[in-house]
Amino acid sequence: MMGIAKRQFDAVVVGAGGSGLRAALQLSEANLKVAVLSKVFPTRSHTVAAQGGVSASLGNEEPDNWHWHMYDTVKGSDYLGDQDAIEYMCRKAPEVVVELEHYGMPFDRLDNGKIYQRPFGGHTSNYGERAVKRACAAADRTGHAMLHTLYQRNVRAHTQFFVEWMALDLIRNSQGDVLGVIALEMETGEVMMFQAKSTLLATGGAGRIYSASTNAFINTGDGLGMAARAGIPLEDMEFWQFHPTGVAGAGVLITEGVRGEGGFLLNKNGERFMERYAPTVKDLASRDVVSRAMATEIKEGRGAGKDGEFILLKLDHLGADVIDKRLPGIREIAKKFANVDPVKDPIPVVPTCHYQMGGIPTNVQGQVLAANALGKEVIVKGLYAAGECACVSVHGANRLGTNSLLDLLVFGKSAGEQVVKDIAADVASLPDLPSDYADKTMARLARLDSSKDGESVNEVGSEMRRTMQLHCGVFRFPDGLADGVEKMLKVGERVKSTFIKDKSKVFNTARIEAIELDNLVEVAMATMISAHARTESRGAHDRSDHPDRDDVNWMKHTLWFKENNRLEYKPVQLKPMTVESFEPKARVY
Amino acid sequence: MVNREVIGAHYGLRDWLVQRITAVVMSVFTVIFLVKLFLMPQFDYAHWSALWHGNVMRFAALLFFVSLGLHAWVGMRNIFMDYVKNTNLRVVLFAFVILALVTYVAWAVQILWGI
Amino acid sequence: MRFEIYRFNPDVDSKPRMQSYDVEMEPTDRMLLDGLMRLKVQDDTFSFRRSCREGVCGSDAMNINGKNGLACITKLADLKEPVVIRPLPGLPVIRDLIVDMSQFFKQYHSIKPYVTNDTPAPEMERLQSPEDREELNGLYECILCACCTTSCPSFWWNPDKFVGPAGLLQAYRFIADTRDLATNERLDNLEDPYRLFRCHSIMNCVDVCPKNLNPTKAIGKIKDLLVKRAV
């Protein structure tokens with residue numbers, strides 16, 4: 001086989017969303033030779049769509065501290081989150097948010113000049129007593145402001161970007177060390193090996209495995225697919241967050257900040273039903289709780305709309321001034337995608353797939369963890385992951401709103417710091433690449449280039465999305481999951497023979513979509529298999545046959561391996577770093 | 001010489017201001033001129049000629065033509081900058097425009113003081 | 001629905017062509033992007049950029065019936081048939097609707113798009129009053145889609161020298177930020193017959209901006225500051 005072009009770096013970062021950019025900044029400012037690969041121009045990454053805020057117990061508006069934030073996060077995770085990681089994240093929150101402000105983030109302000117904070121679902125003071133203002137916001141464009149700020153800071157740091165390059169596969173040697181990635185330049189169709197001492201995956205989530213998703217089209221779980229193919233397990237993939245308020249029909253996100261600012265949900269009778277499901281914090285309960293309540297209302301015939309298919313989000317009582325000042329983007333979205341002006345009418349919303357709690361298992365330094373031959377958990381040398389593609393796990397079975405932006409700042413930074421440390425300690429030159437390192441990847445590309453017929457990428461993709469939506473949604477049923485596994489196994493076979501008509505080199509988006517589908521199917525498979533096996537209800541995973549949480553048998557993380565769809569489990573870390581554990585108890589909001 | 005994209009000639013503001021100020025001067029003169037014209041008791045050569053006998057009107061008109069020249073210079077230069085990419089040719093065209101505009105102003109003086 | 005689409009694939013075409021398509025729409029299809037996605041299923045060789053499908057990432061900017069806009073927030077119902085789709089004008093076409101945006105980003109980078117403040121960072125946030133923060137509204141929301149810049153004749157004529165509306169809007173975003181201390185350097189950087197003053201207030205930028213921002217107004221404010229500094 002012909003050799004492919006090769007370039008060498010200290011570190012390669014795959015993905016230029018929030019976590020990738022935050023990590024890259026750490027690396028560039030340490031004067032390392034870094035390559036940041038991204039399928040899209042960095043400011044087009046999906047972090048840009050985050051709306052409501054980033055949490056940090058700054059206490060700018062009312063007393064707050066990281067202990068309360070930690071408690072909320074542990075409780076929100078339905079006790080599946082690792083408490084050491086959660087403590088780390090909540091303690092680091094003020095530092096990384098203030099740092100971001102220093103980088104130029106245009107946060108909204110209070111009269112005293114400090115960062116504006118708003119209430120958000122599941123955020124409480126004094127261990128669940130009442131809602132607290134913890135979400136630092138830039139109107140309802142926090143993600144946009146953050147992503148642009150991080151990109152701008154990287155411009156200042158002269159970070160080297162490879163824009164519209166898609167990473168295809170991780171390269172590991174016989175010891176299992178990661179040596180870099182093979183990537184495709186979309187503009188030319190050329191393939192190149194990025195050899196590096198450290199490879200950091202920051203590829204985001206894969207929300208596009210569902211038909212109804214708030215996610216961008218680019219959220220195809222490329223990092224997860226690459227990891228799975230390289231023999232690295234995926235953790236807790238059965239846990240997918242359904243955001244309570246996606247615009248009905250369109251899927252576009254309406255931030256929880258709407259409810260933070262005082263909006264609430266109504267069923268067709270005009271009843272504020274969340275009062276029944278979460279008497280204390282009502283509409284600001286955790287997302288899994290609210291989504292389930294909404295789905296229950298719809299199921300029991302109290303949904304609004306012609307077919308009773310959605311719930312109404314009322315915010316007109318906030319007044320045009322507050323809406324235009326704090327939620328201008330929401331007004332825009334509602335007008336465009338729901339044909340309603342929220343200043344006058346409620347927005348039709350439904351729970352919509354939003355966030356992947358699981359991912360590539362890592363520790364708090366972003367180092368990827370895998371099992372060795374003896375089944376013991378070990379660090380994969382040279383591989384790191386951060387952001388939505390990683391599972392630290394701080395979100396456990398359900399993420400709190402605003403903790404995702406926090407996650408990518410905290411762990412993007414810590415992973416970056418660890419890479420800098422590891423490169424400084426490792427004076428050896430780059431290890432040699434195995435002679436056949438590119439074979440599998442090139443064979444995959446060659447199949448697409450040479451096949452004369454086969455499965456349509458769109459049809460296989462639709463089948464996967466339908467299956468996930470139908471069999472692995474807000475409510476899950478034993479038969480549905482069993483059928484889902486069967487169907488996904490078939491999809492897994494079909495995806496091996498996808499076919500594209502377009503064989504050209506230059507910006508062949510059909511080829512890109514086919515490769516993305518490979519990754520999506522890995523993620524969907526992991527989700528379905530893991531969900532089928534977990535016989536309890538916890539956080540976002542709700543099973544009709546096991547309606548309760550089962551801490552005796554299931555207080556453990558799922559690890560899915562691509563090879564034979566094998567599942568293993570590892571215990572949840574219940575012991576925080578410095579404080580007392582939060583013991584599991586019933587979750588009431 | 002290496003072919004580099006060079007920018008940063010620090011006269012952007014000056015020329016922009018010149019264009020605005022000359023525009024104001026020209027408008028003001030135009031208004032005065034029109035008013036004077038309509039206030040003429042009779043529309044004949046004698047009155048027309050008398051209009052230009054005072055030095056005030058002559059200098060005002062001169063100011064107008066100088067402004068017109070400067071205004072036209074900035075405008076013409078911008079057009080050449082947009083459409084003529086060859087530096088040598090551009091310099092020649094600039095010289096031609098300057099020569100023409102100076103000639104026009106001189107001609108204006110000759111007319112104004114010759115009436 | 002009938003579409004006329006600009007097609008060019010350098011691998012097979014020697015020159016660009018317009019291709020007609022009839023696409024069967026579903027009642028749920030609301031935006032132009034939905035139509036283009038259906039078209040893509042019909043003909044997988046048709047290439048365009050897209051990502052967030054809600055108008056915040058700026059990927060799917062294109063020329064729609066003669067006017068630049070984002071496909072994902074352009075309602076199909078508002079479009080006259082046949083819908084004529086071309087790539088953004090004034091930038092080199094790579095393939096179909098995909099243009100080479102390096103010139104655009106080069107201009108964005110040229111205004112040093114980051115807050116510059118070399119004073120020692122305080123322990124907590126730098127304070128900023130709500131009124132001062134308000135100054136950034138209408139500026140920081142830019143999504144760098146290039147609709148404005150590629151509709152600007154001044155940019156078509158001098159893409160290498162004129163910063164363009166998007167870049168200038170961002171230039172003012174940093175001038176307007178009370179935390180940024182490099183206003184003088186920023187003004188120096190723009191004091192040039194091309195970089196800023198090629199703006200002749202044609203206002204195509206204001207007309208097409210999918211986020212309803214007003215680059216011309218921002219450019220005016222930069223000019224005001226330059227005047228204030230000089231006189």
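The values are calculated or read from the model by the stated rules, or taken from the named source; none is laboratory data. No experiment lies behind these values; they were computed from the predicted model shown. Quick reminder, even Gly has a Cβ in these numbers, built from the backbone with ideal geometry, and neighbours come from all protein chains shown. Just the protein is used for accessible areas: all its heavy atoms, side chains included, with ligands, DNA and RNA removed. Shrake-Rupley method; radii C 1.70, N 1.55, O 1.52, S 1.80 Å.
Quick notes on this one:
- Dipole orientation for the protein assembly as shown: of the candidates C:33, C:230, A:418, C:230 has the Cα lying most toward the positive pole (charges on Cβ; Lys, Arg +1; Asp, Glu -1).
- Nearest 10 degrees, 0 to 90: helix A:439-450 Cα axis against chain A principal axis: 80 degrees
- Directionally averaged shadow of the protein assembly as shown, computed from the convex hull of its alpha-carbon atoms, nm²: 44.7 nm²
- Measuring spread by the Cα atoms of segment A:466-589 yields a radius of gyration and Dmax of 18.7, 60 Å.
- Dipole magnitude of segment A:7-156 about its Cα centre (Cβ charges: Lys, Arg +1; Asp, Glu -1), debye to nearest 20: 680 debye
- Angle in degrees between helix A:142-156 and the longest Cα principal axis of chain A, rounded to the nearest 10: 40 degrees
- Residue A:563 sits with roughly 120 Å² accessible to a 1.4 Å probe, with DNA, RNA and ligands left out of the calculation.
- Protein heavy-atom accessible surface, 1.4 Å probe, per residue over segment A:26-176: 25 Å².
- Remark: mean inter-chain Cβ contacts per residue of A:96-103 equal 4, using a 10 Å Cβ-Cβ cutoff to other protein chain atoms.
- With all protein chains in place and a 1.4 Å probe, the accessible surface of segment A:1-83 carries 47 percent carbon and sulfur.
- Principal-axis tilt of helix A:18-29 within chain A, Cα atoms, nearest 10 degrees: 60 degrees
- Most fluctuating residue given options C:182, C:146, C:218, as computed from a GNM of chain C linking Cα atoms under 10 Å: C:182
- Ordering A:126, A:100, A:224 by the projection of their Cα atoms onto the charge dipole of chain A, which places +1 on the Cβ of Lys and Arg and -1 on the Cβ of Asp and Glu, puts A:100 at the extreme positive end.
- Threshold 10 Å² - residues in segment C:75-98 whose accessible area is reduced by that much or more when the chain is no longer isolated, probe 1.4 Å: C:75, C:94, C:95, C:98
- Interface burial in segment A:309-335 reaches 20 Å² or more for A:325, A:332, comparing the full protein assembly with the chain by itself; accessible area from heavy atoms with a 1.4 Å probe.
- For chain C, diffusion coefficient by Stokes-Einstein and Kirkwood Rh (Cα), 10 °C, 1.306 mPa s, µm²/s: 83 µm²/s
- Computed over the alpha-carbon atoms, segment A:258-407 gives an Rg to Rh ratio of 1.11, Rh here being the Kirkwood radius from the mean inverse distance.
- Centroid-to-centroid separation of segment C:81-95 and segment A:506-541 [C-alpha atoms, Å]: 34 Å
- Separation of segment A:137-156 and segment A:437-492, taken as the distance between their Cα centroids, equals 35 angstrom.
- Under the convention that each Lys and Arg Cβ holds +1 and each Asp and Glu Cβ holds -1, the size of the dipole of segment C:71-147 around its Cα centre is about 540 debye.
- Summed buried accessible surface, chains B and C, 1.4 Å probe, nearest 100 Å²: 1700 Å²
- Percent accessible area from carbon and sulfur atoms, segment B:12-113, protein chains only, probe 1.4 Å: 77 percent
- Positive-pole candidate from C:20, A:255, C:1, dipole of the protein assembly as shown, charges at beta carbon: C:20
- Of the residues C:127, C:79, C:213, the one that moves most in a GNM of chain C with alpha-carbon contacts below 10 Å is C:127.
- The candidates A:234, B:37, arranged from most to least accessible area with a 1.4 Å probe in the full protein assembly, appear as B:37, A:234.
- Fluctuation leader among C:134, C:123, C:81 - chain C, Gaussian network, Cα springs under 10 angstrom: C:123
- Summing Cβ point charges (Lys, Arg +1; Asp, Glu -1) relative to the Cα centre of segment A:140-263 gives a dipole of roughly 260 debye.
- Probing with 1.4 Å while keeping every protein chain in the model, the per residue accessible area of segment B:12-113 equals 64 Å².
- Solvent exposure of residue A:501, expressed as accessible area, is near 120 Å², computed with a probe of 1.4 Å over the protein chains only.
- Per residue, the average separation of C-alpha pairs within less than 8 Å and at least 6 apart gives chain B a relative contact order of 32 percent.
- When all protein chains stay in place and ligands, DNA and RNA are ignored, the 1.4 Å accessible-area order of A:111, A:140, largest first, is A:111, A:140.
- Solvent-accessible surface (1.4 angstrom probe) belonging to residue B:58, in square angstrom, nearest 10: 30 Å²
- Summing Lys and Arg as +1 and Asp and Glu as -1 over all other residues whose Cβ lies under 15 Å from the Cβ of residue B:83 gives a net charge of +3.
- Buried surface for the A/C pair, taken as the accessible area of each chain alone minus that of the pair with a 1.4 Å probe, is close to 5200 Å² in total.
- Residue order for A:466, C:30 - accessible surface, 1.4 angstrom probe, largest first: A:466, C:30
- Contact residues in segment A:487-533 (at least 20 Å² less accessible area with all protein chains than alone, 1.4 Å probe): A:501, A:502, A:504, A:506, A:507, A:509, A:510, A:513.
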